[in-house]
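Shown next, in structure tokens, is the structure this report addresses.
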Amino acid sequence: MPEEVEARRLLERVLPDASTARFQQVRSVEATASNGNKGRIICGEVNSTNRFGAYDGYRRFVAVPSEGFATIDPRAGPGSSAEAIGVQAGFDSLWPACEGKSLVPPKLTAGGCDPEKAKSVGLSCKE
């Protein structure tokens with residue numbers, strides 16, 4: 001499936017060992033950002049090995065091929081960290097499109113919105 005190949009390439013920077021990735025429910029959807037830009041995103045679930053060689057379980061992911069960007073839902077797996085706050089905002093702003101809903105501007109619960117991260121996926125920060 002071409003979506004899986006593309007998702008694997010984009011998730012290489014996010015997963016400890018992308019070569020072990022197993023995918024399910026992978027789909028490609030068209031999304032419209034708050035600035036009117038349209039693009040394709042890839043959604044699904046991925047399970048891969050962690051640094052100890054064990055599989056963590058399936059976690060939702062979103063990839064934006066046109067931006068070379070991918071993120072995994074940090075709530076769904078072990079080892080969440082402070083940096084996950086920014087990742088969570090990016091994930092939460094993109095996942096609605098996977099469910100056929102409108103994209104929402106990222107807003108962090110702590111620390112505010114990162115305008116550069118938002119811009120990188122065609123969004124802007126919500127006031």
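The values are calculated or read from the model by the stated rules, or taken from the named source; none is laboratory data. Only a predicted model underlies this, so the values are computations on that prediction, with no experimental measurement involved. Cβ coordinates were reconstructed from backbone atoms using ideal geometry, including for glycine residues, and neighbour counts include every protein chain displayed. Areas reflect the complete protein model, heavy atoms only, side chains present, ligands, DNA and RNA absent. Shrake-Rupley method; radii C 1.70, N 1.55, O 1.52, S 1.80 Å.
Residues in segment 10-27 that are at negative phi and open to solvent by 80 Å² or more (accessible area, probe 1.4 Å): 12, 13, 16, 19, 22. Checking each residue in segment 30-41 for being of a type outside the set (Lys, Arg) and open to solvent by 30 Å² or more (accessible area, probe 1.4 Å) picks out 30, 32, 34, 35, 36, 37.
Scanning segment 42-77 for residues that are surrounded by fewer than 21 Cβ atoms within 10 Å (Cβ to Cβ), among the hydrophobic types (A, V, I, L, M, F, W, C) and without any contact (Cβ under 8 Å) to a residue 40 or more places away in the chain returns 52, 54, 76.
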